[in-house]
């Protein structure tokens, strides 16, 4: 320990000394290499721009939590109806693992969908009768029918899609974008989260939109239905806006003094969060007040759009957030984990989501925003082609299936009216052009102007990235 001549009475240790001197000597060079260095507030972004011209400015990700059945929605397989009730052939299964929920079944009977399929639009995309509104925008969508993942259970599978790792603790995709690109709006979070209310199913938890080892300013901010859309944002009784401002000013002074003593970057991130919260006291009520929306917009999104917290209302709110240049908007809709009574359950899920999702595409398009907004739809895996539990003429369930499933994308540099990849005739394995989770993530980053190999963060001696050590851009789906 020694005396700091610039701050009498302040003792420095070796780490602080080298931190101070390196900041002076190498600061300019480091700024050229990393922009703001590895510490970046949401306003700036560590990249200080993009690696190449971006096709999309923002992302709206509609995540169907639980694993929607591609075989009852998008991946038309008539052979399953022809062989309904017959045993899944060994040469199709190829000894691949099953979950503990169906591994001990005496038989694995093939289950054809009870729903009718038809082709739609100029692209001739196959869609189930459960998706009449999505069918109307089929030529705006790119269907990826060859998604696959290693994860076979919900927690690692959803964590994989959101963070690039099956193990919890990594930054979520929205946090990576906040860290890399920063914000285009000073008064709203860079990364917002909307969860459909009153939905059961597999649990969701804040770490899915967490910042991991990045600064806390990059974590997603959840908007809720009700009088206080963001928790703890409103001033308590007896505290005025002017009083809050004076308190924040004094608190910032104390934090700056502590930063000079410790050089802890988390202190600056905390100040930035306090200031954002103060600005959100005005911006959040404005963006969540939909009273200025005309009646025909509510009709477009469906009757639930006037009920805050529903998927329909959240899709409308997502469009309003996109208009205000929020960079990453994540919607979650639970309840797609249909191990039994799938025909009845999936019909209700589609009733809640089909019209609003299609309306979001049409609404963005009519406002000239779809070309710069990347809209994504999908779950953490798909469902099996065989029935879990008893198969009857009008009822069946489907187990988890990571080997192949469907997602779709629209806008933001995506090729419209296009289907990429294919599964075998049984809908059990990828037959051509497989797209891994990391490929999907690499492509999303590419559309935002980011080379997924170059957006990294050094943590505990290793450089991490969203795509870990895998992933390639799926250039065939780019417009």
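Before moving on, here are some points about what is shown:
- Convex hull volume per residue for the chain, taking Cα atoms only, in Å³: 160 Å³
- The order of 52, 418, 311, 63, going from fewest to most other C-beta atoms within 10 Å of their C-beta, is 52, 418, 63, 311.
- Between residue 250 and residue 275, the modelled labels are 2.0 nm apart [label points 7 Å from Cα along Cα→Cβ].
- When each of the peptides 468-479, 320-331 is scored by the mean number of other C-beta atoms lying within 10 Å of its residues, the order from highest to lowest reads 320-331, 468-479.
- Across the range 62-156, the mean sequence separation of Cα contacts (distance under 8 Å, 6 or more residues apart), normalised by length, yields a relative contact order of 29 percent.
- Three-way shape label, the range 199-301, alpha-carbon gyration tensor, a/c 1.5: oblate
- The chain, relative contact order [Cα under 8 Å, separation at least 6], %: 27 percent
- Based on C-alpha pairs under 8 angstrom that are at least 6 apart in sequence, the range 56-112 has a relative contact order of 45 percent.
- Neighbour-count order for 296, 339, fewest beta carbons within 10 angstrom listed first: 296, 339
- Inter-site label distance for residue 325 and residue 206 at 7 Å from Cα along Cβ, in nm: 2.9 nm
- Measuring r between the beta carbons of residue 424 and residue 472 and using R0 = 25 Å, the FRET efficiency lands at 0.65.
- Subtracting the Cα-Cα distance of residue 463 and residue 86 from 0.36 nm times their residue separation leaves 130.8 nm of extension gain.
- Maximal additional length on extending the residue 114-residue 366 stretch stands at 87.2 nm, based on 0.36 nm per residue less the C-alpha distance.
- Neighbour-count order for 77, 415, fewest beta carbons within 10 angstrom listed first: 415, 77
- Residue 129-residue 155 pseudo-label distance in nm [points 7 Å out on the Cα-to-Cβ vector]: 4.0 nm
- Once the chain from residue 283 to residue 186 is taken as fully extended at 0.36 nm per residue, the excess over their C-alpha distance is 33.9 nm.
Bear in mind these aren't lab numbers, they're just calculated from the coordinates by the rules spelled out. These numbers were taken from a predicted model, which means no experiment stands behind them. Note that each Cβ is placed from the backbone with ideal geometry, even for glycine, and that neighbours are counted across all protein chains shown.
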